[in-house]
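Worksheet for the structure shown next.
The values are calculated or read from the model by the stated rules, or taken from the named source; none is laboratory data. Bear in mind that the values here come from a model prediction, so they are computed numbers and not experimental data. Every residue, glycine as well, gets a Cβ built from its backbone with ideal geometry; the counts of neighbours run over all protein chains shown. Protein only, heavy atoms only, side chains kept; ligands, DNA and RNA dropped before computing areas. Shrake-Rupley method; radii C 1.70, N 1.55, O 1.52, S 1.80 Å.
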Amino acid sequence: MSLDELLRHGDAVVVGVVETIGATVIVVGALWAALRIVVEGLRHRSAAVFTPIRLSLGRFLTLGLEFQLAADILRTAVSPTFAQLGQLAAIATIRTALNVVLRREIAREQRQVDAGDRTHSERQPAPAGNGGGPSR
C-alpha cells in the first residue's frame, strides 16, 4: 500500500468518525429537546418554558454543524479536485450561514430569558424577618 493510499484510507476513517460525532450530537440534542418538551409540557402549560429548550437545541445543532463542516474540510484535505473545492465552498458557506443564524437566535433568546429572570426576581417579595440576622 502506497503512502497516498494510506493517507486516503486514514482520511476516510477520520472523516467517518467526525461525521458520526456530528450526527450523534444532533440526534442526542433532538432527543433531549423532545424529552424536555414532553416533560415540561406536562408540568407547565406556558410557552415560556420552551425557550430554554430551544436554546439548548440550538446549541446542539450549532455544535453538530461544526463537526459536519470539519468532516467536509477533512474530506477535501488530501488531493482535492476543483469540483471538491467548489462543493466544500458551497457547503461551508451554507453551514456557516446556518451557524451565524443559529448563534444570533440563541443570543436573542438568551437575552429574553435573562430579562425574564430579572423581571421575575424583581417581582418576588422580600422575605419577612429582621433583615437576615439570626432569629431569636
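Summary table
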quantity	calculated
Share of carbon and sulfur in the accessible heavy-atom surface of the chain [1.4 Å probe, %]	66
Peptides ranked, highest mean first, by Cβ atoms within 10 Å: ranges 59-70, 91-102, 2-13, 19-30	59-70, 19-30, 91-102, 2-13
Options L63, V113, V100, ranked by Cα towards positive dipole end of the chain, top entry (Cβ charges)	V113
Extension gain from A77 to V101, taking 0.36 nm per residue of separation minus the Cα-Cα distance	5.9 nm
Ellipticity estimate at 222 nm from DSSP helix runs (n ≥ 4, -39,500 (n - 2.57)) divided over the chain, nearest 500	-29500 deg cm²/dmol
Label of the coordinate-derived value, P(r) over Cα pairs in 10 Å bins from 0, in percent, listed as (i) 11, 25, 24, 17, 12, 6, 4, 2, 0; (ii) 12, 46, 36, 6, 0; (iii) 11, 23, 15, 10, 8, 7, 7, 6, 5, 4, 2, 0	(i)
Rounded to 10°, Cα long-axis angle of helix 50-75 versus longest principal axis of the chain	20
Gain in span if fully extended, A48 to H9, counting 0.36 nm per residue against the direct Cα distance	9.1 nm
